[in-house]
1. Helix 59-71 versus the longest principal axis of the chain: what is the Cα-based angle in degrees, 0 to 90, to the nearest 10?
2. Under 8 Å for C-alpha pairs, at least 6 residues apart: give me the relative contact order for the chain, rounded to a whole percent.
3. Helix 99-122 versus the longest principal axis of the chain: what is the Cα-based angle in degrees, 0 to 90, to the nearest 10?
4. May I ask you to sort Leu19, Leu9, Leu37 by Cβ crowding, counting other Cβ atoms within 10 Å and putting the fewest first?
5. Percent antiparallel among DSSP beta bridges with both residues in the range 3-97, to the nearest 5?
6. Per DSSP H run of at least 4 residues, take -39500 (n - 2.57); add these up for the chain, divide by its residues and hand me the 222 nm value, nearest 500 deg cm²/dmol.
7. Can you check how the C-alpha radius of gyration of the range 1-79 compares to 2.2 N^0.38 Å, as a plain ratio?
8. Please give, to one decimal in nm, the separation of the simple spin-label points placed at Leu25 and Glu41, each 7 Å out from Cα toward the Cβ.
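Quick note: the coordinates plus some simple rules give every number you see, no bench work behind them. Just so you know, these numbers come straight off a predicted model, no measurement behind them. So basically every Cβ, Gly included, is an ideal-geometry build from the backbone, and we count neighbours across all protein chains shown.
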Amino acid sequence: MPRDFSRTLRVAEQIQRDLANLLRLEVKDPRIGMVTLTDVEVTSDYAHAKVFFTILGDAEQIAAATQGLNSAAGFLRHELGYRIKLRSIPQLHFIHDESVERGVRLSQLIDAAVGGDASATKK
């Protein structure tokens, strides 16, 4: 494993921790609401960071949260500059993470299939 890889992971984890605190304490945009950051992927040159988030709600709330996060990206990047000592702070790209909703949907399908099998065997 190259050394660069482990540092990139540490930087991504630090960005995730600091962004979570900034979103909780500093950002006052009502569109953001209860956003949970699930992962951060940073490029090897630290120029860009994909920030994956989840929010409970419908497509309209997800779109509003994405727009709110993208409008706050400059402020968040500026604040990260004070908290993280890097030569350049990465550009933040916010992406909705659908894995949580997909997992819940699959769990419901499995429960329905198991419930259907159980009722069929009891007859």
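1. Orientation of helix 59-71: about 10 degrees from the principal axis.
2. 25
3. Taking Cα atoms only, the helix is inclined about 10 degrees.
4. With the fewest neighbours first, Leu19, Leu9, Leu37 line up as Leu9, Leu37, Leu19.
5. Here the antiparallel bridges make up roughly 50 percent for the range 3-97.
6. My calculation for the chain gives -19500 deg cm²/dmol from helical runs alone.
7. Expressed relative to 2.2 N^0.38 Å, the Cα Rg reads 1.16.
8. Output for this residue pair reads 3.0 nm.
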